[in-house]
Amino acid sequence: MICHFCRRVPCTVSLNGGEICQDRKPANDNFQRGDRVLIVPPARVLLTPHYYARLAIAVSNLKLPRRKIPDWIADYIYREDITFFFASGSLYEIDDEEIDYAFGGDLSFRWISDFKRSAGTIPLNSPHHTIELRLRLLALAFWIHSPEVARHFAR
Ligand SMILES: [Zn+2]
């Protein structure tokens with residue numbers, strides 16, 4: 001499949017998600033110089049034991065209390081200078097309620113604790129599809145917060 005953005009096959013960003021090169025940004029008058037374009041990591045990448053394990057280590061390394069994690073995600077994903085796309089080329093507009101929706105109405109703090117505690121252990125089974133949105137939002141926040149870390153998630 002040809003990458004929608006750089007028109008290349010294969011393209012690591014379209015396969016794994018992440019930041020596309022400045023010179024491959026889609027033509028759009030709304031982009032300002034320096035704005036970033038991030039491709040959403042697809043389910044087939046997010047829902048793997050290795051991706052889950054590397055993301056768990058990164059979250060654990062933040063050294064934040066579990067209740068602060070959703071705020072931390074919000075600080076990075078709701079920014080004017082970053083535009084998210086799916087690899088298909090469609091815009092990913094992150095809803096105001098996306099974090100609440102991802103983590104459950106009452107926010108699943110226990111899941112965050114369990115996730116952090118699992119750091120260093122590769123799960124035997126692939127993560128369930130119902131946590132895809134959690135993993136996606138965490139991964140995107142890392143792509144903004146520390147791309148040098150996020151780059152290794154799908155290695
Ligand atoms: Zn590409």
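The table below lists the values:
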quantity: Output for region 10-19, where each listed residue is more than 9 Å from the ligand (Cβ to nearest atom) and either over 29 Å from N125 (Cβ atoms) or modelled with pLDDT under 85 (or both); calculated: E19
quantity: Single condition S60 does not satisfy, out of (1) modelled with pLDDT of 90 or more; (2) surrounded by fewer than 16 Cβ atoms within 10 Å (Cβ to Cβ); (3) within 15 Å of the ligand (Cβ to nearest atom); calculated: (3)
quantity: Any hit, region 116-138, residues being buried (at least 16 other Cβ atoms within 10 Å of the Cβ), farther than 29 Å from I20 by Cα, hydroxyl-bearing (S, T, Y) and over 18 Å from the mean Cα position of the chain (by Cα); calculated: yes
quantity: Condition broken by I69, with the remaining ones in (1) over 22 Å from N16 (Cβ atoms); (2) out of contact with any Lys or Arg (no Cβ under 9 Å at 6 or more places or on another chain) satisfied; calculated: (2)
quantity: Pick from region 76-108, criterion touching a helix residue (DSSP H, G or I) at 6+ places or on another chain (Cβ under 8 Å) and farther than 15 Å from L133 by Cα, ranking: surrounded by the most Cβ atoms within 10 Å (Cβ to Cβ); calculated: A87
quantity: Filter result (surrounded by 14 or more Cβ atoms within 10 Å (Cβ to Cβ), away from the ligand (no atom under 11 Å from the Cβ) and modelled with pLDDT of 75 or more) within region 20-49; calculated: D35, R36, L38, V40, P41, P42, A43, V45, L46, L47, T48, P49
quantity: Long-range neighbours under 9 Å by Cβ, at least six apart or interchain, first residue in contact (Cβ under 8 Å) with a residue 40 or more places away in the chain and in a loop (DSSP other than H, G, I, E, B) within region 141-155, second surrounded by fewer than 16 Cβ atoms within 10 Å (Cβ to Cβ) and of a type outside the set (S, T, N, Q); calculated: F153/H50; A154/H50; R155/H50
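The values are calculated or read from the model by the stated rules, or taken from the named source; none is laboratory data. For clarity, every value in this text was computed on a predicted model and none was experimentally measured. Neighbour counts run over all protein chains shown; Cβ positions are idealised from the backbone, glycine included.
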